[in-house]
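The values are calculated or read from the model by the stated rules, or taken from the named source; none is laboratory data. Just so it is clear, the model here is predicted, and its values are computed rather than measured. Heads up, the Cβs are rebuilt from the backbone with ideal geometry, glycines too, and the neighbour counts pull from every protein chain shown.
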Amino acid sequence: MREAAVRAEARAGWAMTAPALIAIGLFFVFPALASLVLSFTDFDIYALANLDNLRFIGFDNYSRLLTNPLFWQAMRNTLWFVVLGVPLIVILSLGAALLVHAKTLKWRPLWRVLLFAPFVTTLVATAVVWNYLLHTRYGLINYGLGFFGIAPVDWLGNPSTALPAILLFVAWKSFGYNMIIFLAALQTVNQDLTDAARVDGAGAWMRFRHVTLPAIAPTVLLVGILTVAGMFQLFAEPYVMTQGGPAKSTVTVLYFMFEEGFKWWNLGSGAAVAFILFLCIFATTLVQMKLARRSGAI
Amino acid sequence: MAWLQRNALTFLAAIIALLVVAPLVWMVSVSFMAPGAAAQFPPPLWPDDPTLENYTTLFGTYGIGRYFLNSVLVSCLATALALLFTVPAGYAFAKLRFSGRDAVFQALVAALVVPGQIGMLPLFLELKAMGLVNSYAGALVPWLAGIFGIFLVRQFCLSIPTEMLEAARVDGAGETMILRKIVLPTLHPILVTLALFVFLGSWNDFMWPLIILADQDLYTLPVALAALAREHVQDNELMMAGSVVTVLPVLLLFLVLQRQYLEGLLAGSVKG
Amino acid sequence: MRFSRRTVVTGLAAVPLASACSTRSDSLEFWAMGAEAENLPALLASIAGAPKVSIQPLPWSAAHEKLLTSFAGNSLPDMGQVGNSWISELTAIGAILPVPAALSSITTGQFPAVVDTNRIEGRLMALPWYVDTRLQYYRRDLFERAGFAAPPQRWDAWKAALHMVKAAAGPGNYAILLPINEFEHLIGMALSAGASLLNQSGTRGAFSAPEFRQALAFYKSLYDERLAPLASSTQISNVWNEFARGYFAVYPSGPWTIGDMKSRLPPEMQDKWATAPFPGPRGTGASTPGGSSLVVYRNAREPAAAWALVAKLLAPSTQQSLQQLTGDLPPTRAVWGATGLNADPITAAFGVQLDHARSLPKVPEWERIVSEMQGVAEQVARGMTTIDRGVREIDRRADRLLEKRRWMLERRA
């Protein structure tokens, strides 16, 4: 009797997970592995027309990528996004969370919703809006800067300002999600500790550094990891706003992969890029976790 | 002065919120301006002469209504199918005992690190072999394989008391019956969060529909908007109207359901 | 299996998925781009006995990608407009049908170089719909001030004239705008010098040949002698303002600029600009024969009906209507007389230039090769590498890009 119940439960377990697992296997795992295999072939437009034209070329795709200056440009641009973007977004979202969490804040739900709103919006639509905000002559941003005496900046036309401009947009769009994660973490910080610290005469900054920050350190790591992964996967922003320009200064790795795969139809080479991208994200995640463990945060 | 000190943070929050929301407000404002009115210096904040012309052009000449319906169709289907696939799986991983359960789940968590785009090109070839390129089904496929949803549902289900399930089993209820009659009613909050998450994600999805949908008739809003943007980069007001049409539905949906959505996310991240 | 409500709902959901293919009606599906797509309905209305056509307009920026994606997804239309530089690629993958023998007579009396672009390995794969090419738009008043009625047609005399025009324009100005990121200008000079760019079979680069070196040297000298600014197209904020200001006196471009010149330049500038063919080392130079062609795709349900419509669209009277609606230049010479294009000096120059056009290598990899070429050319112009190293680098990259084509041709042999 008991055994039958155990078997029925096990059967139900497999039956309920089967559809999702099959979908994941078919539409995620299989293509990911196929990507690895594809990256060792020279699948291109000729092969698309006729599979007889396919050849196995070993690591040739990888070595060609490593000698392709545009690939390195894409890597450099993406790393700039990571190096500049992750601290910016983490600080912005933590700051926003602290603000929304503050005890003396009124109308908390209103601010929470307003600050989260950009995250909900469609990226393409808001990229179009920011395209116009950043317009050299008619954009509101240059207009606003004019009040501080700053001359109009050709944000999206100048190779050195295009990347920061897109980064500003990305930060605006995504800080809300991380803010929510930080809010959740802040709510778990032991109120007694901060109260005790205040009684001891610690100012707001000291309380933050010595009580709050250590308590939410694991969350900071989580947000860091998520944001790094996000920065590595920027595509729609350069696609809509700059088409990778000016002078290839906003070509990201994913944009490069898209062009390689769907503009030039070098699907083999594109798969190699995708795999390298995966290795980069994996490596940086490992490094982040190691650093966090080393510093005792987790 | 004391009033200012007490409400300093609220004041600060108001200013920051205003700055954050300003682009969206401006987007709506420009969409009601006459064509060409926004391209002047100094840039206008409000329309001198509000007009619906941009919207009529969008719906009339560019047929944006079609893309809107496509987005609605794809997003609703994606949400329904994602719930159908994910909820039983999440519950099973949390509460049902079967061999290999934990190993498989660990593998899924590990897979969360892998970016979705890694398989994009082979997935395209796979769907080509299945004849699903350039179809709604092709656009839906990534949402059936959502690992994050399983993770969320499992987190939530962990807190269901096992005794309740055991009691039902003793009473002779089958596992599916338990899921439907006992567990599902308690899952209401997470269902809302998950549904909204998938709806938002599929509505806003851009790269995959761009790749898989070749026929203009099938375009979802983001793809249509991007195509329009590349051609009509000079037409501010028209593009803003297009952005409003794309953003407004999900923004409204979010505003209506935001408490549940945010609370679901908050609950999910605390345990995560 | 119990049919739960869920199963039924899912089943119903599958119905639109299954019938997700676009509704294929009885009309011919026609994909067109830009101004031609906009004016196609009016054009079809002017044709007697035109069949039902369902037009899908594509933006130029996405058209090429979309064609290939549709090819991959087996969802190409019946017929359509294509840029004539795409024809070799579409032929290589087997996406288009060859032109039936009965229609090949349409090409008589058309610009030879343009027709040649549509002929792949001896077979006519598409029919030219309209043609264009680039030539120089120049400031007539500045040239007159320097003592020239029109730009000279030989490189040495032309360059000397540019120096005098630059002096006449005043300090801080240049003579010609050659955006450093655009490959068309160097290619035009290479064709004028007689370069073949690739070897006979299109399997290796021929950029180290003396003709291309000569062209590259001439191209570089224009920057070195400060006749052209070292700037990319995105760095010139408003081409029309700068042209009117005299920042440069020569602007290489195509027929689409005629309308822009007329609408964007102020009225007092309208008699100050004119067009002239490019110069070459020994006389009028060559240029690339551009334009769009009409094709019928491989999976067309009724190819005969599609080709019949193509023939109707290319009738001289319809070519004339297209010219009037869009300003596009017709491929058939006889039509130029009827539409007054020969009489108007602005457009007559295009006719002369088209007579001197030479077609580019017709390999699918060409677009990528030329993009690499310009990258190296930019480095040469900026002095970051020498001409000698540059041309050998272009050959190296071209050879690498053509490797697959070589392999495929060897296999076929």
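So which residues in region A:1-20 are within 7 Å of another protein chain (Cβ to nearest Cβ), among the hydrophobic types (A, V, I, L, M, F, W, C) and closer than 16 Å to B:Phe93 by Cα, if there are any at all? Listed by number, the residues that qualify are A:Ala8, A:Ala10, A:Ala12, A:Trp14, A:Met16, A:Ala20. Note on region C:344-413: enclosed helices (runs of 4 or more DSSP H) holding 3 or more residues that are more than 14 Å from every other protein chain (Cβ to nearest Cβ) and closer than 23 Å to C:Leu222 by Cβ are C:345-355, C:366-381, C:387-401.
Name the helices (runs of 4 or more DSSP H) wholly inside region C:84-170 in which the number of residues that are at pLDDT below 95 and within 30 Å of C:Leu325 (Cβ to Cβ) is 2 or more. Full working, then the answer.
On the way: elements: C:87-92, C:112-117, C:140-145, C:155-169.
The helices (runs of 4 or more DSSP H) meeting that bar are C:87-92, C:112-117.
Take the conditions (1) within 11 Å of chain B (Cβ to nearest Cβ); (2) at pLDDT below 85; A:Pro214 misses just one of them, which is (1). Answer yes or no: is there a residue in region A:109-130 that is surrounded by 15 or more Cβ atoms within 10 Å (Cβ to Cβ), farther than 22 Å from A:Phe81 by Cα, free of Cβ contacts under 8 Å to residues at least 12 places away in the same chain and within 7 Å of another protein chain (Cβ to nearest Cβ). Checked against the condition, which is being surrounded by 15 or more Cβ atoms within 10 Å (Cβ to Cβ), farther than 22 Å from A:Phe81 by Cα, free of Cβ contacts under 8 Å to residues at least 12 places away in the same chain and within 7 Å of another protein chain (Cβ to nearest Cβ), region A:109-130 yields at least one hit. In the condition set (1) farther than 29 Å from C:Pro210 by Cα; (2) touching an Asp or Glu at 6+ places or on another chain (Cβ under 9 Å), C:Ala398 is compliant with all but (1).
Evaluate region B:75-84: report whether one residue or more is over 31 Å from the mean Cα position of the chain (by Cα), surrounded by fewer than 18 Cβ atoms within 10 Å (Cβ to Cβ), closer than 28 Å to B:Leu191 by Cα and more than 8 Å from every other protein chain (Cβ to nearest Cβ). Checked region B:75-84: no residue is over 31 Å from the mean Cα position of the chain (by Cα), surrounded by fewer than 18 Cβ atoms within 10 Å (Cβ to Cβ), closer than 28 Å to B:Leu191 by Cα and more than 8 Å from every other protein chain (Cβ to nearest Cβ).
Is at least one residue of region C:330-349 within 30 Å of C:Ala48 (Cα to Cα), touching a residue at least 40 places away in the same chain (Cβ under 8 Å) and surrounded by 22 or more Cβ atoms within 10 Å (Cβ to Cβ)? Within region C:330-349 (the criterion being within 30 Å of C:Ala48 (Cα to Cα), touching a residue at least 40 places away in the same chain (Cβ under 8 Å) and surrounded by 22 or more Cβ atoms within 10 Å (Cβ to Cβ)), the answer is yes, since at least one residue qualifies.
For region B:10-32, check the following and say yes or no: at least one residue is touching a Lys or Arg at 6+ places or on another chain (Cβ under 9 Å) and on the phi < 0 side of the Ramachandran plot. Steps first, please.
Within region B:10-32, the first condition is being touching a Lys or Arg at 6+ places or on another chain (Cβ under 9 Å), and the residues that meet it are B:10, B:13.
Now drop any that are not on the phi < 0 side of the Ramachandran plot, which leaves B:10, B:13.
Taking every residue of region B:10-32 in turn, at least one turns out to be touching a Lys or Arg at 6+ places or on another chain (Cβ under 9 Å) and on the phi < 0 side of the Ramachandran plot.
Residues that are under 15 Å from B:Glu126 (Cα atoms), hydrophobic (A, V, I, L, M, F, W, C) and crowded, with 18+ Cβ neighbours inside 10 Å within region A:35-53 comprise A:Leu38, A:Phe43, A:Ala47, A:Leu48, listed in sequence order.
When you check A:Ala151 against the structure, is it within 18 Å of the chain's Cα centre (by Cα) and more than 10 Å from every other protein chain (Cβ to nearest Cβ), yes or no? Judged against the criteria, A:Ala151 is not a match.
Check whether at least one residue in region A:160-180 is within 30 Å of B:Pro222 (Cα to Cα), more than 22 Å from the chain's Cα centre (by Cα) and either of a type in the set (S, T, N, Q) or modelled with pLDDT of 90 or more (or both), and report yes or no.
Filtering region A:160-180 for residues within 30 Å of B:Pro222 (Cα to Cα) gives A:160-180.
Now narrow it down to the ones that are more than 22 Å from the chain's Cα centre (by Cα): none.
Checked against the condition, which is being within 30 Å of B:Pro222 (Cα to Cα), more than 22 Å from the chain's Cα centre (by Cα) and either of a type in the set (S, T, N, Q) or modelled with pLDDT of 90 or more (or both), region A:160-180 yields no hits at all.
Of all residues in region C:247-272, which are among the hydrophobic types (A, V, I, L, M, F, W, C) and surrounded by fewer than 22 Cβ atoms within 10 Å (Cβ to Cβ)?
Within region C:247-272, the first condition is being among the hydrophobic types (A, V, I, L, M, F, W, C), and the residues that meet it are C:248-250, C:256, C:258, C:261, C:265, C:269.
Residues satisfying the conditions are C:Trp256, C:Ile258, C:Met261, C:Leu265, C:Met269.
Total residues in region B:85-118 satisfying the condition of being more than 8 Å from chain A (Cβ to nearest Cβ), over 28 Å from A:Glu3 (Cα atoms) and either surrounded by 21 or more Cβ atoms within 10 Å (Cβ to Cβ) or touching a Phe, Trp or Tyr at 6+ places or on another chain (Cβ under 6 Å) (or both): the figure is 0.
Buried (at least 20 other Cβ atoms within 10 Å of the Cβ), in contact with a helix residue (DSSP H, G or I) (Cβ under 9 Å, 6 or more places away or on another chain) and in a loop (DSSP other than H, G, I, E, B) - does that describe any residue in region C:315-325? No, every residue in region C:315-325 fails to be buried (at least 20 other Cβ atoms within 10 Å of the Cβ), in contact with a helix residue (DSSP H, G or I) (Cβ under 9 Å, 6 or more places away or on another chain) and in a loop (DSSP other than H, G, I, E, B).
The residues of region A:218-246 that are more than 10 Å from every other protein chain (Cβ to nearest Cβ), among the small types (Gly, Ala, Ser) and closer than 17 Å to A:Leu134 by Cα amount to a single one, A:Gly244.
Entry remark, region B:2-11: residues being more than 7 Å from every other protein chain (Cβ to nearest Cβ) and closer than 18 Å to A:Gly95 by Cβ number 2 in total.
Each residue in region C:367-413 was checked for being among the β-branched types (Val, Ile, Thr) and within 26 Å of the chain's Cα centre (by Cα), and 6 of them qualify.
Would you confirm whether any residue within region B:204-219 is in contact (Cβ under 8 Å) with a residue 60 or more places away in the chain, part of a helix (DSSP H, G or I) and at the interface with chain A (Cβ under 9 Å from one of its Cβ atoms)? For region B:204-219, residues in contact (Cβ under 8 Å) with a residue 60 or more places away in the chain, part of a helix (DSSP H, G or I) and at the interface with chain A (Cβ under 9 Å from one of its Cβ atoms): present.
Filter region B:23-49 down to the residues that are aromatic (Phe, Trp, Tyr) and in a loop (DSSP other than H, G, I, E, B), then identify the one that is surrounded by the most Cβ atoms within 10 Å (Cβ to Cβ). Step through it out loud before you land on a result.
Narrowing region B:23-49 to residues aromatic (Phe, Trp, Tyr): B:26, B:32, B:41, B:46.
Now restrict to residues that are in a loop (DSSP other than H, G, I, E, B): B:32, B:41, B:46.
Details: B:Phe32: 20, B:Phe41: 13, B:Trp46: 11.
Only one residue tops the list, namely B:Phe32.
Matching residues to (1) touching a Lys or Arg at 6+ places or on another chain (Cβ under 9 Å); (2) surrounded by fewer than 21 Cβ atoms within 10 Å (Cβ to Cβ); (3) polar (S, T, N, Q); (4) within 14 Å of C:Pro281 (Cα to Cα):
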{"site": "C:Leu191", "(1), (2), (3), (4)": "yes, no, no, yes"}
{"site": "C:Gly194", "(1), (2), (3), (4)": "yes, yes, no, yes"}
{"site": "C:Gln200", "(1), (2), (3), (4)": "no, yes, yes, no"}
{"site": "C:Ala215", "(1), (2), (3), (4)": "no, no, no, yes"}
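Residue-wise test of (1) without any contact (Cβ under 8 Å) to a residue 60 or more places away in the chain; (2) under 28 Å from C:Trp240 (Cα atoms).
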| residue | (1), (2) |
| --- | --- |
| C:Arg140 | no, yes |
| C:Arg145 | yes, yes |
| C:Phe148 | yes, yes |
| C:Ala168 | yes, yes |
| C:Ala175 | no, yes |
| C:Asn181 | no, yes |
| C:Leu198 | no, no |
| C:Gly205 | no, no |
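Based on what the data block shows, is B:Val20 among the aliphatic types (A, V, I, L, M), surrounded by 15 or more Cβ atoms within 10 Å (Cβ to Cβ), free of Cβ contacts under 8 Å to residues at least 12 places away in the same chain and part of a helix (DSSP H, G or I)? Yes, satisfied.
Every residue, every condition in (1) within 21 Å of B:Leu18 (Cα to Cα); (2) of a type in the set (S, T, N, Q), yes or no:
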| position | (1), (2) |
| --- | --- |
| A:Gly149 | no, no |
| A:Val153 | no, no |
| A:Leu156 | no, no |
| A:Ala162 | no, no |
| A:Ala171 | yes, no |
| A:Ser174 | yes, yes |
| A:Tyr177 | yes, no |
| A:Leu183 | yes, no |
| A:Leu186 | no, no |
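Taking residues in region A:184-211 that are within 14 Å of chain B (Cβ to nearest Cβ), and partners anywhere that are assigned to a loop (DSSP other than H, G, I, E, B), not one pair has Cβ atoms closer than 7 Å while being at least 6 places apart or on different chains. Scanning region A:269-280 for residues that are more than 9 Å from every other protein chain (Cβ to nearest Cβ) and either of a type in the set (Asp, Glu) or surrounded by 24 or more Cβ atoms within 10 Å (Cβ to Cβ) (or both), we see that the one that is nearest to the chain's Cα centre (by Cα) is A:Val273.
Only one of B:Leu196, B:Leu191, B:Leu158, B:Leu121 is surrounded by 22 or more Cβ atoms within 10 Å (Cβ to Cβ) and more than 7 Å from every other protein chain (Cβ to nearest Cβ). Can you tell me which? Spell out how you get there, then give the answer.
Working: B:Leu191 fails: surrounded by 22 or more Cβ atoms within 10 Å (Cβ to Cβ); B:Leu158 fails: surrounded by 22 or more Cβ atoms within 10 Å (Cβ to Cβ); B:Leu121 fails: more than 7 Å from every other protein chain (Cβ to nearest Cβ).
Criteria check complete, one pass: B:Leu196.
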